[in-house]
Amino acid sequence: MKYTFLLAALMGTTSVFAQDSNTEAVVRKVADNIIQNTSFKFVNTKTNETYESTKGLASSPDVKVASKFNKWMYVNGVLTIGMMQMADVLKDKKYSDYSLHNFEFIFGNLGYFETLYKAKTPKTEFGAVFNITNLDACGAMGAGLSDVNALANKPEYKAYLQRAADYISNKQLRLADGTLSRPNPRYRTMWADDLFMSVPLLARMGKVTGDTKYFDDAIKQVENFNKYLYDTRTGLFFHNYYEDVDLQGVGHWGRANGWLAVAQAQLLDNLPANHPKRPELIKLLLRQISGFARYQDQTGLWHQLLDKPDSYLETSVTAMYVYTVAHAVNEGWINPKYISIANEGWKGLVTKITPDGQMQDVCIGTNMDEALKFYYTRPTELNDTHGLGAFLLAGTEMVKAEKNKK
């Protein structure tokens with residue numbers, strides 16, 4: 001073993017898993033690192049005092065959650081989905097208990113922050129819970145909460161889910177044909193990211209409530225996002241579509257393409273098996289898989305700009321693609337031979353995991369821009385949450401794939 005570490009040092013890598021074939025061990029290492037670094041505490045950002053609970057605290061805008069994993073952010077919705085899948089696939093309730101605890105922690109302390117919000121305190125923690133104004137604020141966290149509520153069955157969770165679904169269905173800005181869009185930074189601009197910020201929750205609401213309107217809307221979004229954002233020349237998707245000039249954007253940004261893939265897979269998961277649109281949706285997903293497979297680097301990873309090999313290798317899109325391909329194979333949607341794409345991607349991913357279970361080369365949160373250089377120069381951050389949930393999803397699908405092979 002000491003020679004393995006020496007070789008790693010000589011090769012300039014901080015990964016301990018490059019030579020480790022135990023997929024379950026790798027994915028557990030990442031998940032366990034997240035659990036160990038989630039404090040379930042609050043901190044006064046001015047005094048640095050920490051608190052187990054907000055009960056009895058004097059009202060202060062300086063009180064925030066101490067851990068990034070306790071924040072109400074879409075990335076933590078993806079993390080919840082990943083943790084819940086880990087619990088199911090690995091038959092280990094430690095991971096579902098973590099997610100249940102997280103939402104109990106948030107909802108159990110909402111009263112303190114609601115008082116601040118009603119007093120119009122700027123940047124109130126959990127403010128997005130009280131006032132949903134965009135898809136990022138509700139779609140992914142709602143999808144994660146829906147998975148948690150399948151176990152918790154709490155009325156306050158159900159009430160939030162209904163409110164979030166109502167926002168997506170009736171309040172978010174749309175194009176004239178009903179396609180979801182954003183008002184900023186350009187009015188009625190489509191973002192590829194938004195397929196994930198809407199469809200997984202809509203699909204879950206369709207399954208939970210039995211109301212087909214949610215499925216109908218989710219399917220319409222998938223069809224329209226494919227219509228507006230797909231690039232027939234490359235087989236990839238553009239990050240944006242601008243209604244004001246009826247043009248697509250400039251970049252085939254990796255993670256945006258990844259969001260599209262994961263969203264479509266999660267719709268198929270929740271759609272009734274006999275739904276007449278299922279074959280069409282599988283065909284669209286396979287078209288995307290065939291497209292992005294052409295740009296996989298020899299390392300197994302994909303690039304920040306998928307069709308630009310001079311852009312850096314990025315891990316969040318790689319995790320999303322590994323998940324999508326492995327899941328599609330595991331579910332029998334596509335030919336089993338496509339698993340080779342996921343196998344190569346997973347080999348690349350595990351080289352980006354540090355000995356203590358942190359994920360390297362994750363692009364930070366990214367806006368949109370009309371210049372391609374914007375995407376080239378987005379920084380990466382160690383263990384940025386934008387990659388972690390996707391990694392857990394990818395890893396558990398690879399565990400399933402290995403079991404199916406055996």
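The values are calculated or read from the model by the stated rules, or taken from the named source; none is laboratory data. Keep in mind it's a predicted model, so treat the numbers as computed, not measured. Heads up, the Cβs are rebuilt from the backbone with ideal geometry, glycines too, and the neighbour counts pull from every protein chain shown. Ligands, DNA and RNA are stripped out before the accessible areas are found, and what is left, the full protein with its side chains, is counted by its heavy atoms. Shrake-Rupley method; radii C 1.70, N 1.55, O 1.52, S 1.80 Å.
General observations
- Taking the numbered list (1) among the polar types (S, T, N, Q); (2) within 23 Å of the chain's Cα centre (by Cα); (3) more than 13 Å from Trp72 (Cβ to Cβ); (4) open to solvent by 20 Å² or more (accessible area, probe 1.4 Å) in turn, Thr121 passes all entries but (2).
- Set Ile81, Ile132: member being β-branched (Val, Ile, Thr), buried (at least 18 other Cβ atoms within 10 Å of the Cβ), at pLDDT 95 or above and not in a helix (DSSP H, G or I): Ile132
- Of residues in the range 89-112 being part of a helix (DSSP H, G or I) and touching a residue at least 60 places away in the same chain (Cβ under 8 Å), the one most open to solvent (accessible area, probe 1.4 Å): His101
- Residue match in the range 169-189 (condition: in a loop (DSSP other than H, G, I, E, B), open to solvent by less than 70 Å² (accessible area, probe 1.4 Å) and small (Gly, Ala, Ser)): yes
- Looking at the range 295-406, the helices (runs of 4 or more DSSP H) lying wholly inside it that each contain 3 or more residues that are surrounded by 24 or more Cβ atoms within 10 Å (Cβ to Cβ) sit at 315-330, 339-350, 385-405.
- Criterion (part of a loop (DSSP other than H, G, I, E, B) and farther than 21 Å from Val208 by Cα) met by exactly one of Thr121, Thr115: Thr121
- Residue check, Ala140 under 18 Å from Asn270 (Cβ atoms), surrounded by fewer than 20 Cβ atoms within 10 Å (Cβ to Cβ), within 20 Å of the chain's Cα centre (by Cα) and of a type outside the set (Lys, Arg): no
- Test: residue in the range 263-275 that is aliphatic (A, V, I, L, M), without any contact (Cβ under 8 Å) to a residue 24 or more places away in the chain and part of a loop (DSSP other than H, G, I, E, B): yes
- Breaking point among (1) out of contact with any Cys (no Cβ under 6 Å at 6 or more places or on another chain); (2) in contact (Cβ under 8 Å) with a residue 60 or more places away in the chain, for Gly291: (2)
- Selection status of Asp147, touching a residue at least 60 places away in the same chain (Cβ under 8 Å), under 19 Å from Arg204 (Cα atoms), outside any loop (DSSP other than H, G, I, E, B) and open to solvent by 30 Å² or more (accessible area, probe 1.4 Å): yes
- The range 231-248, subset in contact (Cβ under 8 Å) with a residue 24 or more places away in the chain and either assigned to a strand (DSSP E or B) or open to solvent by less than 10 Å² (accessible area, probe 1.4 Å) (or both), residue nearest to Arg186 (Cα to Cα): Tyr242
- Number of residues in the range 250-259 that are in a loop (DSSP other than H, G, I, E, B) and either more than 22 Å from the chain's Cα centre (by Cα) or of a type outside the set (Gly, Ala, Ser) (or both) equals 2.
- Pairs where the first residue, in the range 169-192, is under 24 Å from Asp211 (Cα atoms) and the second is surrounded by fewer than 16 Cβ atoms within 10 Å (Cβ to Cβ) and of a type in the set (Asp, Glu), C-beta under 7 Å, 6+ apart: none
- In the range 44-54, of all residues being assigned to a loop (DSSP other than H, G, I, E, B) and free of Cβ contacts under 8 Å to residues at least 40 places away in the same chain, the one that is surrounded by the fewest Cβ atoms within 10 Å (Cβ to Cβ) corresponds to Asn48.
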